[in-house]
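Novice: What follows is a single structure, and I will ask about it in a moment.
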């Protein structure tokens with residue numbers, strides 16, 4: 001493996017680490033319910049860009065890590081992330097060719113799917129009650145995605161990630 005490939009892989013893992021960091025970073029209560037799903041959006045980007053390298057297994061491992069860091073029921077976010085990334089990897093060629101606005105709407109729908117799977121699993125396990133605030137991250141992810149896409153694409157081109 002040459003140094004350029006190693007730098008590219010390191011850049012991807014740094015972005016995934018930053019996604020986890022932004023996901024668990026404390027926020028004021030006023031904006032906590034609007035927190036975008038940083039890790040999910042970063043995984044979606046890399047699953048569309050390089051589905052043969054960053055796929056369901058990567059999502060599952062990062063989901064377990066996120067469950068551990070959040071102190072949540074182990075495996076809930078891992079299953080939800082894996083399910084979303086499965087859908088993304090299944091249709092990555094179509095998603096690549098969508099216009100940016102369509103990708104943005106798709107990411108919002110994937111974030112909604114992620115949160116609905118988490119709610120359903122928490123409902124089955126512990127009887128969680130549904131609150132409309134539960135779906136607010138989809139709206140904030142809708143706003144953040146175009147900017148995050150441009151940043152990650154620039155990282156990908158700068159480090160020649162393949």
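Novice: So which of 6, 11 ends up being surrounded by fewer than 14 Cβ atoms within 10 Å (Cβ to Cβ) and in a helix (DSSP H, G or I)?
Specialist: 6
Novice: Also, I was wondering about something else. Could you check the range 56-75 and list, in sequence order, the residues that are surrounded by fewer than 14 Cβ atoms within 10 Å (Cβ to Cβ), in a helix (DSSP H, G or I) and touching a helix residue (DSSP H, G or I) at 6+ places or on another chain (Cβ under 6 Å)?
Specialist: 69
Novice: Which ones in the range 14-28 are assigned to a helix (DSSP H, G or I), without any contact (Cβ under 8 Å) to a residue 24 or more places away in the chain and more than 22 Å from residue 76 (Cα to Cα)?
Specialist: 14
Novice: Further question on the same structure: Given (1) part of a helix (DSSP H, G or I); (2) under 17 Å from the mean Cα position of the chain (by Cα); (3) modelled with pLDDT under 95, where does residue 53 come up short, assuming only one miss?
Specialist: Of (1) part of a helix (DSSP H, G or I); (2) under 17 Å from the mean Cα position of the chain (by Cα); (3) modelled with pLDDT under 95, only one is false for residue 53: (1).
Novice: Of the numbered conditions (1) more than 18 Å from residue 149 (Cα to Cα); (2) under 16 Å from the mean Cα position of the chain (by Cα); (3) free of Cβ contacts under 8 Å to residues at least 60 places away in the same chain, residue 72 fails exactly one; give the number of that condition.
Specialist: The single condition residue 72 does not satisfy is (2).
Novice: Mind checking whether some residue in the range 29-37 is at pLDDT 95 or above and in a helix (DSSP H, G or I)?
Specialist: no
Novice: Among the residues of the range 42-49, is any surrounded by fewer than 16 Cβ atoms within 10 Å (Cβ to Cβ) and either touching a residue at least 60 places away in the same chain (Cβ under 8 Å) or in a helix (DSSP H, G or I) (or both)?
Specialist: Checked the range 42-49: no residue is surrounded by fewer than 16 Cβ atoms within 10 Å (Cβ to Cβ) and either touching a residue at least 60 places away in the same chain (Cβ under 8 Å) or in a helix (DSSP H, G or I) (or both).
The values are calculated or read from the model by the stated rules, or taken from the named source; none is laboratory data. Not measured: the values here are computed from a predicted model. Every residue, glycine among them, receives a Cβ derived from its backbone with ideal geometry; neighbour counts consider all protein chains shown.
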